[in-house]
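Before I ask anything, here is the structure I am working with.
The values are calculated or read from the model by the stated rules, or taken from the named source; none is laboratory data. Predicted model only: the values in this text are computed from it and were never measured. Here the Cβ positions follow ideal geometry from the backbone for every residue, glycine too, while neighbour counts run over all protein chains shown.
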Amino acid sequence: MNSYLLFWKRAFDFKGKSSVNDFKIPFNIHLLLAFIIFPFIHTFVGGKLWTIQDIEIGNLVIPIKISSWSLYLYAVTYIPALALSMRRYHDLNEEKEKGLLFATFPVIYIIGVFMLLIAGQGLPDTSLVTIIIVIVLVLPVIWFITEWFKLSFKNRK
């Protein structure tokens, strides 16, 4: 609980360092809220999840569902999460600017997916196109997950 309160107290502190627990506890609470709790509660109370249906790229169909509450959470926690990730990268003796990429990743990824959807409308329905699209969609997520593991579990050198 202390780490979560510290997350909000140091919301605009872009200097200094943050420990593994300073990062792991608030970040994981927000992931849990955004991807499990908010969509469940939102659906349970009768709200509709925002849905983009039948997005087709080649012969690949991508269903996207998101709770508007998750978007609000991201908007509210963006600056504190940015400050925290920059401090955490500094603690690991890495470039603090990687924290900007890490915190902004969801927005960059969603914009990239929409650009891919627009560009992908005219692509042929071949297995090669589908494989390339899956790779383009999956590689950034793998990067994000590896960075999340590094920030959540690796101690400073």
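Could you go through region 87-96 and let me know if any residue there is surrounded by fewer than 16 Cβ atoms within 10 Å (Cβ to Cβ) and in a helix (DSSP H, G or I).
Among the residues of region 87-96, not one is surrounded by fewer than 16 Cβ atoms within 10 Å (Cβ to Cβ) and in a helix (DSSP H, G or I), which makes the answer no.
Conditions (1) out of contact with any Lys or Arg (no Cβ under 6 Å at 6 or more places or on another chain); (2) surrounded by 14 or more Cβ atoms within 10 Å (Cβ to Cβ); (3) at pLDDT 90 or above; (4) among the small types (Gly, Ala, Ser), marked per residue:
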{"site": "Leu6", "(1), (2), (3), (4)": "yes, yes, yes, no"}
{"site": "Gly16", "(1), (2), (3), (4)": "no, no, no, yes"}
{"site": "His42", "(1), (2), (3), (4)": "yes, yes, no, no"}
{"site": "Val45", "(1), (2), (3), (4)": "yes, no, no, no"}
{"site": "Asn59", "(1), (2), (3), (4)": "yes, no, no, no"}
{"site": "Tyr74", "(1), (2), (3), (4)": "yes, yes, no, no"}
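Which residue pairs have Cβ atoms under 7 Å apart, sit 6 or more places apart or on different chains, and have a first residue in region 117-141 that is touching a residue at least 12 places away in the same chain (Cβ under 8 Å) and a second that is polar (S, T, N, Q)?
Asp125/Asn59; Thr130/Asn59
In region 124-157, what residues are of a type in the set (S, T, N, Q) and either modelled with pLDDT under 80 or in a helix (DSSP H, G or I) (or both)? First the steps, then the outcome.
Initial filter on region 124-157 (of a type in the set (S, T, N, Q)): 126-127, 130, 146, 152, 155.
Listed by number, the residues that qualify are Thr126, Ser127, Thr130, Thr146, Ser152.
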